[in-house]
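Chemist: Pasting a structure below so you can have a look.
The values are calculated or read from the model by the stated rules, or taken from the named source; none is laboratory data. Predicted, not measured: the structure shown is a model, and the values here were computed from it. Here the Cβ positions follow ideal geometry from the backbone for every residue, glycine too, while neighbour counts run over all protein chains shown. To get the accessible areas, we keep the full protein, side chains included, count just its heavy atoms, and leave off ligands, DNA and RNA. Shrake-Rupley method; radii C 1.70, N 1.55, O 1.52, S 1.80 Å.
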Amino acid sequence: MGLVVLKFGGTSVSTVDKIGKTADQAIYEKKQGNKVIVVVSAMGKSTDKLVAMAEEISEAPDKREMDMLLSTGEQITIALLAMTLKEKGHDAISYTGWQAGIETEAVHSNARIADIDSARIESALEAGQIVIVAGFQGITTDGEITTLGRGGSDTTAVAIASALKAEKCAICTDVVGVFTTDPRYVKKAQKLEQLTYDEMLELANLGAGVLHPRSVEYAKNFRIPLEVRASHELEPGTMIEEDLTMENTKVVRGIAFEDQITRVTIHWKQKEAMRVSKIFTKLAENNIDVDIIIQGITGLGHGNLSFTIKTSELLATLAVLEESKELLQIEKLESEQELAKVSIVGSGMVSNPGVAAKMFEALTENNIPIKMISTSEIKVSTVVPARKMVEAAQVLHDQFELDK
């Protein structure tokens, strides 16, 4: 008898009918002889509705009280799912995050899991029950309820799978697996049978919304096999593990893209005045994430530094830099909005030179301007005009023959 952890997102449990189908998936795994834990999110858009109500009261609701509020969403789902399973003739029990022993750091709205006391879950599993756990939430050592932030239910599922040494953690979602790129925009996108943790982590960080990066990182650190598959179908999905069991013939495995990117450029009259480390220290102190970075020095000795941020962070970024303009000896600040990032990812790129050149050639031939470039061992990212984002993804999908 093995242990399987299933995670279902909000759209998969958005109605009583869908909760019934989710129960059927848990029952199927139980009938295969497995012990079963199901981690669920709040129903549909219920979290958004709770946030909207809070914002009617305050423009900046208290974070502790927001965690108290938002944690109720998952509590509704776990109770309804446990009731459904019992009606279908299978013993089940629901646990909130704190009842399940999920201890977090003392940070409201974006806590990290510190430890899991799995005794209560294990006892229920030994009694033959299907255990339903609320995702996205936990409790501090002081008894304060916390939430885990975006992707928190994925992280809950992987953390529980790690704590109980599950054979597999299945992230059940609206799609049948991870695709070579977003099939909503690129019709030739193909489902991938396998990915490495590193490939999935890069794709998740670069804009692929199937999995949250933190959950993939957790799975990689604790070697938990992940499967991304459809919520209410039995079709095999995409397996994410350390190594591929099948020969990987594709150098590039996937393409990720995201818009709402802005480039900020700082100019100095003289390169000696550049205070690069202080720039990023100031931004970090204000919790502003910086992505692609390019430093340049002109023939006249002028210095410049460009970096990308989320467009939503632009006003905060400019405010921080303007406030420190004299201290940092900045001559001029510029920003360019309506940009996007398009990236190719593949573990085979390490041993195959010329991939970047092939990428740039395809974009240039299709008159897609390349504004910035960033590389790692298994990915190459380019910043392009937002209006060219989807076209760039399609061009690169064709260039690397990902439809075959």
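Chemist: Under the rule a/c < 1.5 gives rounded, and otherwise a/b versus b/c splits prolate from oblate, where does region 102-166 land using the Cα gyration tensor?
Modeler: It comes out prolate by the Cα gyration axes.
Chemist: Further, regarding this structure: Which lysines, if any, have their Cα less than 26 Å from the Cα of K371, not counting same-chain residues under 8 positions apart?
Modeler: K269, K271, K278, K282, K310, K325, K332, K341, K358, K379, K388
Chemist: To continue, here is another question. Report the gain in length on full extension from A284 to S123: 0.36 nm times residue separation, minus Cα-Cα distance, nm rounded to one decimal.
Modeler: Net length gain for the segment: 53.6 nm.
Chemist: Just add up the charged neighbours of I288: K/R +1, D/E -1, any other residue whose Cβ is under 12 Å from the Cβ of I288.
Modeler: -2
Chemist: Between rounded, prolate and oblate, where does region 361-404 land on the alpha carbon gyration tensor, with a ≥ b ≥ c its root eigenvalues, rounded for a/c under 1.5, else prolate if a/b exceeds b/c?
Modeler: oblate
Chemist: Oh, and also: How big is the dipole moment of the chain about its Cα centre under a simple scheme where the beta carbon of each Lys and Arg is +1, that of each Asp and Glu is -1, and everything else is neutral? Debye, nearest 20, please.
Modeler: 580
Chemist: Could you please report the charge total around V176, scoring K, R as +1 and D, E as -1 over all other residues with beta-carbon less than 14 angstrom from its beta-carbon?
Modeler: Net charge in that neighbourhood comes out at -3.
Chemist: What's the angle, to the nearest 10 degrees (0 to 90), between helix 389-399's Cα axis and the longest principal axis of the chain?
Modeler: 80
Chemist: Please list, in order along region 379-384, the HN-Hα scalar couplings obtained from phi with the Karplus expression 6.51 cos²θ - 1.76 cosθ + 1.60 (θ = phi - 60°), rounded to whole Hz, x for Gly and Pro.
Modeler: With coefficients 6.51, -1.76 and 1.60, one gets 8, 10, 10, 10, 9, 10 Hz.
Chemist: Ok, one more. Separation between the M83 and I294 pseudo-spin-labels, each 7 Å from Cα along Cα→Cβ, expressed in nm?
Modeler: Once both label points are built, they end up 5.8 nm from each other.
Chemist: Nothing charged except the Cβ atoms of Lys and Arg (+1) and of Asp and Glu (-1): what's the magnitude of the dipole of region 157-212 about its Cα centre? Round to the nearest 20 debye.
Modeler: Roughly 200 debye for region 157-212.
Chemist: S324 versus K188, label points 7 Å from Cα toward the beta carbon: distance in nm?
Modeler: 4.6
Chemist: Another one. Suppose R0 equals 25 Å; then what is the FRET efficiency for L234 and T11 from their Cβ-Cβ distance, rounded to the nearest 0.05?
Modeler: Approximately 0.85, to the nearest 0.05.
Chemist: Using a Gaussian network model of the chain whose springs link C-alpha atoms within less than 10 Å, name the residue from E377, E56, E103 with the highest mean-square fluctuation.
Modeler: E56
Chemist: If one takes the longest principal axis of the Cα atoms in the chain, at what angle in degrees, from 0 to 90 and to the nearest 10, does the Cα axis of helix 213-222 lie?
Modeler: 70
Chemist: How would you classify region 1-153 from its alpha-carbon gyration tensor, with a ≥ b ≥ c the square roots of the eigenvalues: rounded for a/c under 1.5, else prolate if a/b is greater than b/c, otherwise oblate?
Modeler: Oblate is the answer for region 1-153, as a/c is 1.5 or above yet b/c matches or exceeds a/b.
Chemist: For the chain, with every protein chain kept in place, what is the accessible area per residue (1.4 Å probe, Å²)?
Modeler: Normalised by residue count, the accessible surface of the chain is 47 Å².
Chemist: Counting only protein heavy atoms, what percent of the accessible surface of the chain is carbon or sulfur at a 1.4 Å probe?
Modeler: With neighbouring chains kept in place, the figure for the chain is 48 percent.
Chemist: Put +1 on the Cβ of each Lys and Arg and -1 on the Cβ of each Asp and Glu in region 59-112; which of A106, I76, G89 then has its Cα farthest toward the positive end of the dipole?
Modeler: G89
Chemist: Taking a probe of 1.4 angstrom, what is the accessible area of V251 in Å², to the nearest 10?
Modeler: 40
Chemist: In addition: What dipole magnitude, in Debye to the nearest 20, does region 81-188 give about its Cα centre under +1 on Lys/Arg Cβ and -1 on Asp/Glu Cβ?
Modeler: Around 660 debye, computed over region 81-188.
Chemist: With each pseudo-label sitting 7 Å past Cα toward Cβ, what's the A60-H302 distance in nm, one decimal?
Modeler: With each label point 7 Å from Cα toward Cβ, the separation is 3.8 nm.
Chemist: Report the one residue of A60, S123, I370 whose Cα lies farthest in the direction of the positive end of the charge dipole of the chain (charges on C-beta: Lys and Arg +1, Asp and Glu -1; origin at the Cα centre).
Modeler: Farthest along the dipole direction, towards plus: I370.
Chemist: Now, a different point. Taking K88 as the anchor, which lysines have their alpha carbon closer than 25 Å to its alpha carbon, excluding any fewer than eight residues away along the same chain?
Modeler: Excluding near neighbours in sequence, the set is K7, K18, K21, K30, K31, K35, K168.
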